[in-house]
Amino acid sequence: MFRLEDLALFVRAAALSSFSDAAREAGLQPAQVSAAIKRLETTLNIRLFARSTRSLRLTPEGETWLPYATQMLDTLHAGLQKISTPDDEVRGTLQIAVPSDLGRNLLLRVFRAFRQRHPALRLRILFSDHRTDVFKDPVDVAFRYGDNDDASFISLPVAPENRRMLVASPGWIAEHGEPKTLEDLAGTMR
């Protein structure tokens, strides 16, 4: 297999019709360019250039192969541009679990704004009223109600003013009585 550096030097030497100019452009010695071309010719088992002390020209095989070599380099550069990102660009997929009501009522606007600021980031939001197991479910961030009861999690309060309360109709209280604790309430659900 040939080296990409050798391929790039071949394309530049062909464009400039000079090993010396290609070497200068690459910050190399002409002998290094000559060695790179020789390696490439050995690997391909063809002569790419006809050389003399005063001129350098492509052989018919070199002329045939040049557009393919150029296309390989162009394809490589295009692929590298596709996968490279600026240092400050957030990219990838962020998977978020959030309780349905909190997500829809409070955080959906936040998620939209975050997505607009980071267009290369894909958000996958799981709205669920069940507590997500961040170790079993494919989740990067989980929003939860209540206190953090697991020391292995890093938690931050998001909406401390977002309090919840249980309410019941007067008819339900007349039928079941007024519960004093959550356990009392759970007992009426059986």
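Scanning segment 116-154 for residues that are surrounded by fewer than 12 Cβ atoms within 10 Å (Cβ to Cβ) and of a type in the set (S, T, N, Q) yields a count of 2. The residues of segment 116-161 that are touching a residue at least 40 places away in the same chain (Cβ under 8 Å) and touching a strand residue (DSSP E or B) at 6+ places or on another chain (Cβ under 8 Å), listed by number, are ASP137, PRO138, VAL139, ASP140, VAL141, ALA142, PHE143. Right, ALA97: hydrophobic (A, V, I, L, M, F, W, C) and modelled with pLDDT of 90 or more or not? Taking the combined requirement at face value, the residue does not satisfy it.
The values are calculated or read from the model by the stated rules, or taken from the named source; none is laboratory data. None of the values given here were measured: they were computed from a predicted structure. Methodologically, a virtual Cβ is constructed for each residue, glycine included, from the backbone with ideal geometry; neighbour enumeration extends over all protein chains shown.
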